[in-house]
There are 2 protein chains.
Amino acid sequence: MDYYSSQISNLIEELSSLPGIGSKSAQRLAFHILNMPIEHVEKLSSVIVEARKKVRYCQSCFTLTDDELCPICKNAGRNHKMIMVVENTRDLAAYEKTNKYEGVYHVLHGAISPMLGIGPNDIRLKELMQRLQEDVDEVIIATNSSLEGETTAMYISKLIKPTGIKVSRIASGVPVGGDLEYIDEMTLLRALEGRTEL
Amino acid sequence: MDYYSSQISNLIEELSSLPGIGSKSAQRLAFHILNMPIEHVEKLSSVIVEARKKVRYCQSCFTLTDDELCPICKNAGRNHKMIMVVENTRDLAAYEKTNKYEGVYHVLHGAISPMLGIGPNDIRLKELMQRLQEDVDEVIIATNSSLEGETTAMYISKLIKPTGIKVSRIASGVPVGGDLEYIDEMTLLRALEGRTEL
């Protein structure tokens, strides 16, 4: 990239190291930033560093937050006896957007994956088991519907069953509005297995 | 986004204000950044601010660079008597990637657009005309093949013709590897008009 000066090349290179940003997007972003008012660029840059510096794990559910407890764990209006287990903070956010779930969460920060060498001790499982010492009615496992997510769900349910606490798994099936014709066979089979009586 | 703490919401908001970054990408980027080592985040942030602070216009061709003259204008090996006029620095980079163009450039930073209220004085046209006082053999107009780009090309060619300097326009037609079946009619007509004898 010797047609760009070094500062511009550095910027493009840094931006293209971010996920989902290819070299074309990185160029477009870079020139957008270079044309932004300097005050706005400084704000963007400080928001990035501040967020990274302040962020930490919620001491209860381990979601990323900037206080000892996250807004959900602090909320006395939520049902703290119902814990939904998710792989990461984005999945938590996805369920929060439904505005229907009233329990709390537990963020594993990953899923068990023998392929990638990620075992039960590499995710926040021990911390989940610790939380179950308190008064908990149900653990809802909402890991992804992938091989790793399913493996993790199975592993967790086996760990929890002996404690007598109810364990459930979110349903897997045809997405709402989904056209059967375009849905993969695994999903169709899951939807069949998980059929409910009407 | 009250399920995210304020620092995280701020970060997502800042990122989604960038072009081509929707709310999903902004979330993914944000969590990627929050999981990056702090030193890397500080580097990213300083590269952004440094590039913005150092960037300025090349005093000859007006591309974005970090010195008085850009690497191309400084290069004595280039043909300084041939000037390619482009709309922005990204277009310059696109031609540089061909590795075949040996002349220099002139970056307009926009195109004439009566719709958007952008007139000849809002782009670097006066600066182009000044450069033509020196010894120039040819001006190649490589503005985009859009309404604005064509308007700008017409305007520039009318300005330059009286000076006696050769003015040319890059060809417009079917892209290499393009299948006629999928190409819009305007392009097909342009390709027909621009046909060359074999």
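The values are calculated or read from the model by the stated rules, or taken from the named source; none is laboratory data. Because the structure is predicted, anything quoted here is derived from the model rather than measured. Virtual Cβ from ideal backbone geometry, glycine too; neighbours counted across all protein chains shown. Remember, those area values only see protein heavy atoms, side chains included, never the ligands or the DNA or RNA. Shrake-Rupley method; radii C 1.70, N 1.55, O 1.52, S 1.80 Å.
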With N set to the number of residues, divide the alpha-carbon radius of gyration of the stretch A:131-188 by 2.2 N^0.38 Å and report two decimals.
1.42
Charged-residue dipole, Cβ positions (Lys, Arg, Asp, Glu), the protein assembly as shown about Cα centre, Debye nearest 20
560 debye
What GluC sites (Glu not before Pro) in the stretch B:127-177 are in a loop by DSSP, with at most 11 other Cβ atoms within 10 Å of the Cβ?
B:134
Total formal charge among the other residues, if their Cβ is under 13 angstrom from that of residue A:113, Lys/Arg +1 and Asp/Glu -1
-4
Compute the distance in nm between two label points, each set 7 Å from the Cα along the Cα-to-Cβ direction, one at residue A:53 and one at residue B:147.
4.9 nm
Reported to the nearest 10 Å², residue B:73 has, with a 1.4 Å probe, an accessible area equal to 20 Å²
Other chains near B:112-122: what is the mean number of their Cβ atoms within 10 Å of each residue's Cβ?
0
Can you show me the helix-derived [θ] at 222 nm for chain A, built from DSSP H runs with n ≥ 4 at -39,500 (n - 2.57) apiece and divided by the number of residues, rounded to the nearest 500.
-12500 deg cm²/dmol
Work out from phi, with θ = phi - 60° and the Karplus expression 6.51 cos²θ - 1.76 cosθ + 1.60, the ³J(HN,Hα) of each residue of the stretch B:44-57, listed in order in whole Hz, and give x for Gly and Pro.
3, 4, 6, 4, 4, 5, 4, 4, 5, 6, 7, 5, 8, 8
When chain A is treated as a Gaussian network with springs between alpha carbons less than 10 Å apart, the largest mean-square fluctuation among A:37, A:120, A:162 is found at A:37
Taking every other residue with Cβ under 13 Å from the Cβ of residue B:21 and scoring Lys and Arg +1, Asp and Glu -1, one gets +1
I'd like the distance between the alpha-carbon centres of the stretch B:169-188 and the stretch A:1-65, rounded to an integer number of Å.
37 Å
Carbon/sulfur fraction of accessible area - the protein assembly as shown, other protein chains in place, 1.4 Å, %:
52 percent
Sorted list, accessible surface of protein heavy atoms, 1.4 Å probe, largest first, for B:192, A:69 is B:192, A:69
Any chance you could look up the accessible area of residue A:36 with a 1.4 Å probe, heavy atoms only, rounded to 10 Å²?
10 Å²
Please find, in a Gaussian network model of chain A (springs between Cα atoms separated by less than 10 Å), the residue of A:113, A:46, A:60 whose mean-square fluctuation is greatest.
A:46
Could you go through the stretch B:73-86 in sequence order and give the Karplus-derived ³J(HN,Hα) for each residue, using 6.51 cos²θ - 1.76 cosθ + 1.60 with θ = phi - 60°, rounded to whole Hz, and x for Gly and Pro?
5, 6, 6, 5, x, 8, 7, 7, 8, 10, 10, 9, 8, 10
Per residue solvent-accessible surface (Å²) - the stretch B:1-73, probe of 1.4 Å
44 Å²
Cα centre as origin, Lys/Arg/Asp/Glu Cβ charges: chain A dipole, Debye:
440 debye
Once Lys and Arg get +1 and Asp and Glu get -1 on their Cβ, which of B:33, B:45, A:139 lies farthest toward the positive end of the dipole of the protein assembly as shown?
B:45
For the pair A and B, the solvent-accessible area buried on both sides (1.4 Å probe; DNA, RNA and ligands excluded), in Å² to the nearest hundred, is 5100 Å²
Defining a contact as two alpha carbons under 8 Å apart and six or more residues distant in sequence, what relative contact order in percent does chain A show?
13 percent
If each residue of separation counts as 0.36 nm, what is the full-extension length gain between residue A:185 and residue A:13 once their alpha-carbon separation is subtracted?
57.9 nm
Please give the average number of partner chain Cβ atoms lying within 10 Å of the Cβ of each residue in A:9-15, rounded to a whole number.
5
Add +1 for every Lys or Arg and -1 for every Asp or Glu among the other residues with Cβ under 10 Å from the Cβ of residue A:167, and state the total.
+3
Please calculate how many Å² of accessible area the stretch B:77-172 carries per residue, with a 1.4 Å probe and no DNA, RNA or ligand atoms counted.
54 Å²
Point-charge dipole on Cβ atoms (K/R +1, D/E -1) for the stretch A:77-172, about Cα centre, debye to 20
120 debye
Could you identify which residue out of B:178, B:103, B:77 has the top mean-square fluctuation in a GNM of chain B using Cα springs shorter than 10 Å?
B:178
Rounded to two decimals, what is the ratio between the C-alpha radius of gyration of the stretch B:1-107 and 2.2 N^0.38 Å?
1.48
Return a whole-number percent for the relative contact order of the stretch A:77-172, with Cα pairs under 8 Å and 6 or more residues apart as the contact set.
31 percent
Here the Cα Rg-to-2.2 N^0.38 Å ratio for the protein assembly as shown is 1.34
For the stretch B:51-189, projected area of the alpha-carbon convex hull averaged over all directions, nm²
10.1 nm²
